[in-house]
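The values are calculated or read from the model by the stated rules, or taken from the named source; none is laboratory data. Small disclaimer: the values here were computed from a predicted structure and weren't measured. Don't worry about glycine lacking a Cβ; one is built from the backbone with ideal geometry, like all the others, and counts go over all protein chains shown. Ligands, DNA and RNA are excluded from the accessible area calculation, which covers all protein heavy atoms including side chains. Shrake-Rupley method; radii C 1.70, N 1.55, O 1.52, S 1.80 Å.
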Amino acid sequence: MAELILRDLAKTYKDGTEAVQGISFEVADREAVFLLGPSGAGKTTTLRLVAGLEDADKGGISIRGRDLTRAAPRDRNVAMVYDKHSLFPHLSVYENLAYPLRIRKMEEAEEKQRINSVSEVLQIEEQLGKMPGQLSGGQQQRVAIGRALVRDADVFLLDEPISHLDAQLRARMRVEFKRLQRDFDATMLYVSHDQLEAMTMADRIVLIDKGKIEQIDRPQDMFDRPKSMFAATFIGEPVMNTIPVKLVEQAGALFLEVGTSLVPAPANWVARLGSGHDSEDFVLGVRPQHLNVADPAARGDDIIHGEIFAVETLGSRVIFDIELGGQVVRVMNSVDEARKVPSSIGAAISIRLNSDLFYLFDKSSGTTVLQANFTETKST
Ligand code: ADP
Ligand code: MG
């Protein structure tokens, strides 16, 4: 059963900003759904609509089958995690955790038991007697999360709860969160602008931009089959290359004009696209890890030649920025592959293409026209 349902929600602020423009999705019982999108996309507004902190202009919200569109925040039984700055500085960690329970007049024995179990999972048992100011940033954030988890809420709402932590702590919190969600059987709506967080932690991602839903999918499906150039370039690191190309039909065969090179299109594209696309402009999409650097002397249908613009060494992998007729294409390969080719700026180099892993986008709408074909080639 769907735990939380958002139906065609819309919100325009008084100054005319159309923050949310018709958003519908569901979060199932015990599911972690990530609302992902760039800054200003309408993520926080959506969360505040669910919490009842903003009134919707249109649409509805229901939780466990109850219509709560007009309900007061305290009648919704949702718990929202704010960031660590929302802790009471003059109360101990224990008192901070007890606060939401005391508002609800919980008995002391149950209060103790809940706080103990939450602090054990969050590994803050040793900190219960301390004041927030005596804790590290990560510990404070865990207390803030704990304060939401001690409550037996129907839905947990989290707004970028770890995005301001340092990279190492963030990586640890990602793992901890996943375990927490399972340990607490929590139904979660989690807001983030960080695609890595969403990819690693979400059961499903709701991708939004400019107040509208771009795509709803499981993380791997969104990565493999993005419905638009927006989704394709928002998900995945390094960002997918998007290269303006022209389709060229010659003697019944289809080619892509990439810079000055003519590259044969994947064999099945003619059947999938149909004919009559000669000289049409599209955008070719290809992920940096789906291209390979090759010797400058390499020749073949699948080879294009360029010049090294920059090289970034990541330890086990190397990213090459390669200039091809006025534009830069990124290639990410293993350090072993990188050692076989030149690496100095300005040197000639080749790229080996695997056209099965190409995406094709409509130039004006950005819609995905053709998805990569992973069935013949396993992606890395
Ligand atoms: P996100 O959380 O995805 O960054 P928000 O939901 O905070 O986005 O904001 C969506 C849009 O609404 C932005 O353009 C933002 O400037 C605007 N906005 C947010 N809060 C208010 C407000 N109280 N009054 C007017 N505009 C707002
Ligand atoms: Mg926000």
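When A2 is tested against (1) within 23 Å of E197 (Cβ to Cβ); (2) within 23 Å of the chain's Cα centre (by Cα); (3) more than 16 Å from ligand 1 (Cβ to nearest atom); (4) modelled with pLDDT under 95, exactly one condition is not met: (1). Just to be sure, is K43 in contact with a strand residue (DSSP E or B) (Cβ under 6 Å, 6 or more places away or on another chain), within 15 Å of ligand 1 (Cβ to nearest atom), modelled with pLDDT of 95 or more and under 22 Å from R147 (Cβ atoms)? So K43 fits the description; yes. So, of the residues in segment 140-153 that are in contact with a helix residue (DSSP H, G or I) (Cβ under 6 Å, 6 or more places away or on another chain) and in a helix (DSSP H, G or I), which turns out to be nearest to L169 (Cα to Cα)? Here the residue is Q141. Only one entry in E26, E125 is away from ligand 1 (no atom under 16 Å from the Cβ) and over 20 Å from V206 (Cα atoms), namely E125.
Here I63 passes the criteria (1) out of contact with any helix residue (DSSP H, G or I) (no Cβ under 9 Å at 6 or more places or on another chain); (2) more than 15 Å from ligand 1 (Cβ to nearest atom) except the one numbered (1).
Each row is one residue, and each column tells you yes or no for (1) within 16 Å of ligand 2 (Cβ to nearest atom); (2) touching a Lys or Arg at 6+ places or on another chain (Cβ under 9 Å); (3) open to solvent by less than 40 Å² (accessible area, probe 1.4 Å).
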| site | (1), (2), (3) |
| --- | --- |
| A41 | yes, yes, yes |
| T46 | yes, yes, yes |
| L49 | yes, yes, yes |
| G52 | no, yes, yes |
| A56 | no, yes, yes |
| G60 | no, yes, yes |
| R70 | no, no, no |
| A79 | no, yes, yes |
| P89 | no, no, no |
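Scanning segment 5-37 for residues that are of a type in the set (G, A, S) and open to solvent by 10 Å² or more (accessible area, probe 1.4 Å), which turns out nearest to ligand 2 (Cβ to nearest atom)?
A19
Could you tell me which residue of segment 136-167 is nearest to ligand 2 (Cβ to nearest atom), considering only residues that are without any contact (Cβ under 8 Å) to a residue 24 or more places away in the chain and small (G, A, S)? Only one residue tops the list, namely A167. Every listed requirement among (1) open to solvent by 40 Å² or more (accessible area, probe 1.4 Å); (2) closer than 28 Å to E3 by Cα is met by D154 save one, (1).
Of all residues in segment 92-112, those satisfying the criterion of being in contact (Cβ under 8 Å) with a residue 12 or more places away in the chain and not aromatic (F, W, Y) are S92, V93, N96, L97, A98, P100, L101, R104, E111.
Of all the numbered requirements in (1) out of contact with any helix residue (DSSP H, G or I) (no Cβ under 9 Å at 6 or more places or on another chain); (2) open to solvent by less than 60 Å² (accessible area, probe 1.4 Å); (3) assigned to a strand (DSSP E or B), P342 misses one, and that requirement is (3). If you go through segment 162-177 one residue at a time, do you hit one that is open to solvent by 30 Å² or more (accessible area, probe 1.4 Å) and assigned to a strand (DSSP E or B)? Checking segment 162-177: not a single residue is open to solvent by 30 Å² or more (accessible area, probe 1.4 Å) and assigned to a strand (DSSP E or B).
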